[in-house]
Amino acid sequence: MMRQYELVDRVSSYDPLANEDLLNRAYVFATQKHGDQKRASGDPYFSHPVEVAGILTDLHLDTASIATALLHDTIEDTETSFTEIEELFGREIADMVNGVTKMSLLELSSADTAQAENFRKLLVATASDIRILLVKLADRLHNMRTLHFIKSDEKRRRIAQETMDIYAPLAGRIGMHNFREELEDLSFAEINQEARALVMERLSELNEQSSDMLAEISNTVSSELSAHGLEVEVYGRQKRPFSIWRKMQNKSISLEQLSDIFAYRIVTQSEDECYRALGVLHRTYRFVPGRYKDFISTPKINGYQSLHTTVIGPNNQRVELQIRTREMHDIANRGIAAHWTYKDQQDERPDIAKIEPFNWLQDMVEQLKTGETAEEFLENTKLELFTDQVFCFTPKGRLIALPRGATALDFAYAVHTAIGNSCIGVRINGLKLPFRTLLKNGDEIEIIRGETQKPMATWVNHVRTGKARAAIRHSLREREEAEFMALGKQMIESLFAAEGLEAKGSLLERALGVMHYESLDLLRLDVGRGDISAADVLLAVMPKKRRRRSMIAGAVRGLMGRSTHKATSHPAILPLNGALYGTVVKIADDHFPLPGDEIVGVVTMGQGVVVYPAAAPDILILEDKPERLVAMKWDEEAETLFASRVHMTAVNRTGSLSVITQTIADFDANITNLSFIQDSDDFCELTVDVEVRDVDHMEQMMDAIRGSRVVSEANRVIFKS
Ligand code: MN
């Protein structure tokens, strides 16, 4: 364990502004508070905060961060209060200790939802002061280093999994690669011991075969560069077992095929020398095509800069090279923490929001406010943490970094939510293209906007970033609520009308108090959603009113009649368009109405509006609940294919089936399912599910099938009878 004076000397050695008195007091305070508490290892508990502080001195963090590390477990594990720390060490440190404590408390549950929620809170907490996250990562690193002392298998596993899923990618995201690799490897050892043992075994074999290769290659490379007047330092190292394992998984290669397990960092004196060194190495060795990347001219989103290339080096060994300056090297290892060193030393507290490469943190906080569920958030964030970036430009030259696989629509949302919401198309490098086009590095993108454009449910399939997904879902939710409100209004009005009443606001307001609603809108929303019925509202308004039983056929006909006349002015008559209103409207299972058929919607608890063919027997069951029926019409603009079903009797001979499928294909319809029952030697019965545009399309296709002479009978199945 590091002694008090050693720790203080270390901080002073890199930080002339270090407050030695404060560090001494924090050290003594924490020793006393933790007293004779013990770790699972049997060590005095106090060794843990000291180790965490030590890890942070490697990152050259400031006095407040080191003191926070020393004090980080006092509030949680000892009789220490926030006020006590505030009085002794000031508000800044008290807030940081409090932040770390909150994060630790979040770790206590293990279910996936809870984990996602934790992550959300963790990010909100860190966005206020990134140093809290740095202390937390160091805390986790030390706990992982001592994980094997914990006796419970289940607990060890949970901690390792959480580290792998959340803390390691997060460390990577803020550019702290050494942290990331060590966290991953320690988790790997716990989660997949067998795999790690395999990799280690293979590594030691390779090391036996080529014991001095690492040094040999380093020497050859540096003397080659020296011969060209470049004085560099070369650091060769074997990759960590987990990064080797991940490479094997990603590229589906075996251990035997695995050759590039060595990586070399070449540290030059200047940026210019990086490119010169690259030139020399590419002329000296055969380079592997497709592996060259220039992260100097376009840095990674976490601020990482280097030139990457792979060459066939000495001994025909594939060698991965990373060429960078000293400062780039430092930032690559220490990530966000390095910004403390390279910042103006007078400025005691760098503002994280002003460090360009970390703007994404602010973006994440924005996302949290748009009300995604915790699972959605975790899913999105996990994806983003693991992917590489593409770099694109606005017409004015603003650089936008997006995860690889992002589309032009993601780009629009990255520029501004309002721009994404109104996007109708894009020009990429001057060429007009659909907004779902995948982006490539260096693309220049101009967004074409439409005044009346609104996000559709299918857009979610065309974006990759959490920000875009959250914005689309948010907008859909808002519109969905507006639709349910309008629907609820119509349901209440039609039931009241059937009772000879007018559903005036003044009348309905009586229901608010009785039913505990704050506003008519909220009441209508719940009626529209089917959470409460319009009849409940009627009873609340007029408790003595006895509802007459309406004849279902009449109710349906009445609604139908209205729908054709007032189709455009009536807000609650929804276009049936699965793409646009997928969350509100769906077609009933085993029912196959097509545009051209009469349809009716049924408000169904928890499902929104379920649409049936108007003639379906299921509608009749609703005889006593006419307020649940909603008039529907087809959206003529929709270019969707609809599921339909055909039942046919075909001649049982070779080639019959191919005639049928060919006919269907000729009509541009898709077969989605096909089943048949052998009825007799001469005939067989077939049920074919096909996707078609509308009734006409279906009829024409059926005529052609009937005319083919291999089919004796063909009928549309509209509903299950
Ligand atoms: Mn701790």
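The values are calculated or read from the model by the stated rules, or taken from the named source; none is laboratory data. Since the model is a prediction, treat every value here as computed from it, not as a measurement. Cβ placement follows ideal geometry from the backbone for every residue including glycine, while neighbour counts extend to all protein chains displayed.
In the list Ala53, Ala40, Ala18, which residue meets the criterion of being of a type in the set (Gly, Ala, Ser) and farther than 18 Å from Arg140 by Cα? Spell out how you get there, then give the answer.
Details: Ala53 fails: farther than 18 Å from Arg140 by Cα; Ala40 fails: farther than 18 Å from Arg140 by Cα.
After ruling out the rest, the residue left standing is Ala18.
For residues in region 483-510 being among the hydrophobic types (A, V, I, L, M, F, W, C) and part of a loop (DSSP other than H, G, I, E, B), which is nearest to Ala534 (Cα to Cα)?
First, pick out the residues of region 483-510 that are among the hydrophobic types (A, V, I, L, M, F, W, C): 484-487, 491-492, 495-498, 501, 503, 507-508.
Narrowing further to those that are part of a loop (DSSP other than H, G, I, E, B): 501, 503.
Details: Leu501: 13, Ala503: 11 Å.
In this case the residue turns out to be Ala503.
When you check Ala168 against the structure, is it crowded, with 22+ Cβ neighbours inside 10 Å and away from the ligand (no atom under 14 Å from the Cβ), yes or no?
Values: crowded, with 22+ Cβ neighbours inside 10 Å: yes; away from the ligand (no atom under 14 Å from the Cβ): yes.
It is true that Ala168 is crowded, with 22+ Cβ neighbours inside 10 Å and away from the ligand (no atom under 14 Å from the Cβ).
Are any residues in region 284-298 in a loop (DSSP other than H, G, I, E, B) and within 17 Å of Thr325 (Cα to Cα), and if so, which ones?
Phe295, Ile296, Ser297, Thr298
Would you call Met2 on the phi < 0 side of the Ramachandran plot, away from the ligand (no atom under 15 Å from the Cβ) and modelled with pLDDT under 90?
Here the answer is yes, as Met2 does meet what is asked.
Does Glu20 fit the bill of being in the same structural domain as Leu134 (by TED's automatic domain parsing), at pLDDT 90 or above, within 25 Å of Arg334 (Cβ to Cβ) and of a type in the set (Asp, Glu)?
Working: in the same structural domain as Leu134 (by TED's automatic domain parsing): yes; at pLDDT 90 or above: yes; within 25 Å of Arg334 (Cβ to Cβ): yes; of a type in the set (Asp, Glu): yes.
Yes.
Would you please name the residue that is surrounded by the fewest Cβ atoms within 10 Å (Cβ to Cβ), looking only at residues in region 416-462 that are of a type in the set (Val, Ile, Thr) and under 18 Å from Thr298 (Cβ atoms)? Break it down into steps so the answer makes sense when it comes.
Within region 416-462, the first condition is being of a type in the set (Val, Ile, Thr), and the residues that meet it are 417, 419, 424, 426, 428, 437, 445, 447-448, 452, 458, 460.
Keeping just the survivors that are under 18 Å from Thr298 (Cβ atoms) gives 428, 445.
Working: Ile428: 20, Ile445: 22.
Looking at residues that are of a type in the set (Val, Ile, Thr) and under 18 Å from Thr298 (Cβ atoms), I get Ile428.
Which of the residues spanning region 140-157 are more than 20 Å from His72 (Cα to Cα), within 16 Å of the ligand (Cβ to nearest atom) and touching a residue at least 40 places away in the same chain (Cβ under 8 Å)?
Selection gives Phe149, Ile150.
Kindly check whether there is at least one residue in region 5-26 that is surrounded by fewer than 22 Cβ atoms within 10 Å (Cβ to Cβ) and within 14 Å of the ligand (Cβ to nearest atom).
The answer is no; no qualifying residue exists.
For region 242-263, what are the residues that are more than 27 Å from the chain's Cα centre (by Cα), surrounded by 20 or more Cβ atoms within 10 Å (Cβ to Cβ) and modelled with pLDDT of 75 or more?
Just the residues of region 242-263 that are more than 27 Å from the chain's Cα centre (by Cα), to begin with: 253-263.
Restricting the remaining residues to those that are surrounded by 20 or more Cβ atoms within 10 Å (Cβ to Cβ) gives 261-262.
The one that is more than 27 Å from the chain's Cα centre (by Cα), surrounded by 20 or more Cβ atoms within 10 Å (Cβ to Cβ) and modelled with pLDDT of 75 or more: Phe262.
Here are Ala486, Ala468, Ala498, Ala503: which of them is assigned by TED's automatic domain parsing to the domain that holds Phe411, touching a helix residue (DSSP H, G or I) at 6+ places or on another chain (Cβ under 8 Å) and surrounded by 15 or more Cβ atoms within 10 Å (Cβ to Cβ)? So that I can check it myself, show each step before the final result.
Values: Ala486 fails: assigned by TED's automatic domain parsing to the domain that holds Phe411; Ala498 fails: assigned by TED's automatic domain parsing to the domain that holds Phe411; Ala503 fails: assigned by TED's automatic domain parsing to the domain that holds Phe411.
The conditions single out Ala468.
Can you confirm whether Ala69 is crowded, with 23+ Cβ neighbours inside 10 Å and within 14 Å of the ligand (Cβ to nearest atom)? Talk me through it step by step, then tell me what you get.
Working: crowded, with 23+ Cβ neighbours inside 10 Å: yes; within 14 Å of the ligand (Cβ to nearest atom): yes.
It is true that Ala69 is crowded, with 23+ Cβ neighbours inside 10 Å and within 14 Å of the ligand (Cβ to nearest atom).
Is it fair to say Ile132 is surrounded by fewer than 21 Cβ atoms within 10 Å (Cβ to Cβ), in contact with a helix residue (DSSP H, G or I) (Cβ under 7 Å, 6 or more places away or on another chain) and over 22 Å from Ala332 (Cβ atoms)? Before the answer, list the steps.
Numbers: surrounded by fewer than 21 Cβ atoms within 10 Å (Cβ to Cβ): no; in contact with a helix residue (DSSP H, G or I) (Cβ under 7 Å, 6 or more places away or on another chain): yes; over 22 Å from Ala332 (Cβ atoms): yes.
When the stated conditions are applied, Ile132 does not pass them.
For Gly35, only one of the following conditions fails: (1) touching a helix residue (DSSP H, G or I) at 6+ places or on another chain (Cβ under 9 Å); (2) more than 14 Å from Ile132 (Cα to Cα). What is its number?
Result: Gly35 fails condition (1) only.
Go over the candidates Asp95, Asp62, Asp58, Asp77 one by one and state the one that is of a type in the set (D, E, K, R), out of contact with any Leu (no Cβ under 7 Å at 6 or more places or on another chain) and within 16 Å of the ligand (Cβ to nearest atom). Don't jump to the end; show me each part of the working.
Values: Asp95 fails: within 16 Å of the ligand (Cβ to nearest atom); Asp62 fails: within 16 Å of the ligand (Cβ to nearest atom); Asp58 fails: within 16 Å of the ligand (Cβ to nearest atom).
When all the criteria are applied, what remains is Asp77.
Testing Glu184 on (1) within 16 Å of Arg246 (Cα to Cα); (2) touching a His at 6+ places or on another chain (Cβ under 8 Å), one condition comes back false. Which one is that?
(2)
Run down Leu106, Leu123, Leu137, Leu186 and say which single residue is buried (at least 20 other Cβ atoms within 10 Å of the Cβ) and either modelled with pLDDT under 80 or away from the ligand (no atom under 14 Å from the Cβ) (or both).
On the way: Leu106 fails: buried (at least 20 other Cβ atoms within 10 Å of the Cβ); Leu123 fails: buried (at least 20 other Cβ atoms within 10 Å of the Cβ); Leu137 fails: either modelled with pLDDT under 80 or away from the ligand (no atom under 14 Å from the Cβ) (or both).
So the residue among Leu106, Leu123, Leu137, Leu186 that is buried (at least 20 other Cβ atoms within 10 Å of the Cβ) and either modelled with pLDDT under 80 or away from the ligand (no atom under 14 Å from the Cβ) (or both) is Leu186.
Here is a yes/no grid of residues against (1) at pLDDT 90 or above; (2) farther than 30 Å from Val611 by Cα; (3) surrounded by fewer than 14 Cβ atoms within 10 Å (Cβ to Cβ); (4) among the β-branched types (Val, Ile, Thr):
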| position | (1), (2), (3), (4) |
| --- | --- |
| Ala669 | no, no, no, no |
| Asp679 | no, yes, yes, no |
| Thr687 | no, no, no, yes |
| Met698 | yes, no, no, no |
| Phe719 | no, no, no, no |
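Name the residues in region 187-232 that are farther than 27 Å from Glu273 by Cβ, hydrophobic (A, V, I, L, M, F, W, C) and more than 25 Å from the chain's Cα centre (by Cα), would you? Even if it seems obvious, please write down each step before you answer.
Keep residues of region 187-232 that are farther than 27 Å from Glu273 by Cβ, which gives 187-212.
With the extra rule that they be hydrophobic (A, V, I, L, M, F, W, C), the set shrinks to 188-189, 191, 195, 197-200, 203, 206.
Scanning region 187-232 gives Ala189, Ala195, Ala197, Leu198, Val199, Met200, Leu203, Leu206.
Please find, within region 383-429, the residue that is nearest to Ala471 (Cα to Cα) out of those that are of a type in the set (D, E, K, R) and modelled with pLDDT under 85. Spell out how you get there, then give the answer.
First, the residues of region 383-429 that are of a type in the set (D, E, K, R): 384, 388, 396, 398, 404, 410, 427.
Next, from what is left, pick out any that are modelled with pLDDT under 85: 384, 388, 396, 398, 404.
Numbers: Glu384: 16, Asp388: 22, Lys396: 24, Arg398: 22, Arg404: 19 Å.
Within region 383-429, the match that is nearest to Ala471 (Cα to Cα) is Glu384.
Can you find a residue that is out of contact with any strand residue (DSSP E or B) (no Cβ under 6 Å at 6 or more places or on another chain) and not in a helix (DSSP H, G or I) anywhere in region 470-482? Even if it seems obvious, please write down each step before you answer.
The initial filter retains those residues of region 470-482 that are out of contact with any strand residue (DSSP E or B) (no Cβ under 6 Å at 6 or more places or on another chain), namely 470-482.
Within this subset, residues satisfying the condition of being not in a helix (DSSP H, G or I) are none.
No, every residue in region 470-482 fails to be out of contact with any strand residue (DSSP E or B) (no Cβ under 6 Å at 6 or more places or on another chain) and not in a helix (DSSP H, G or I).
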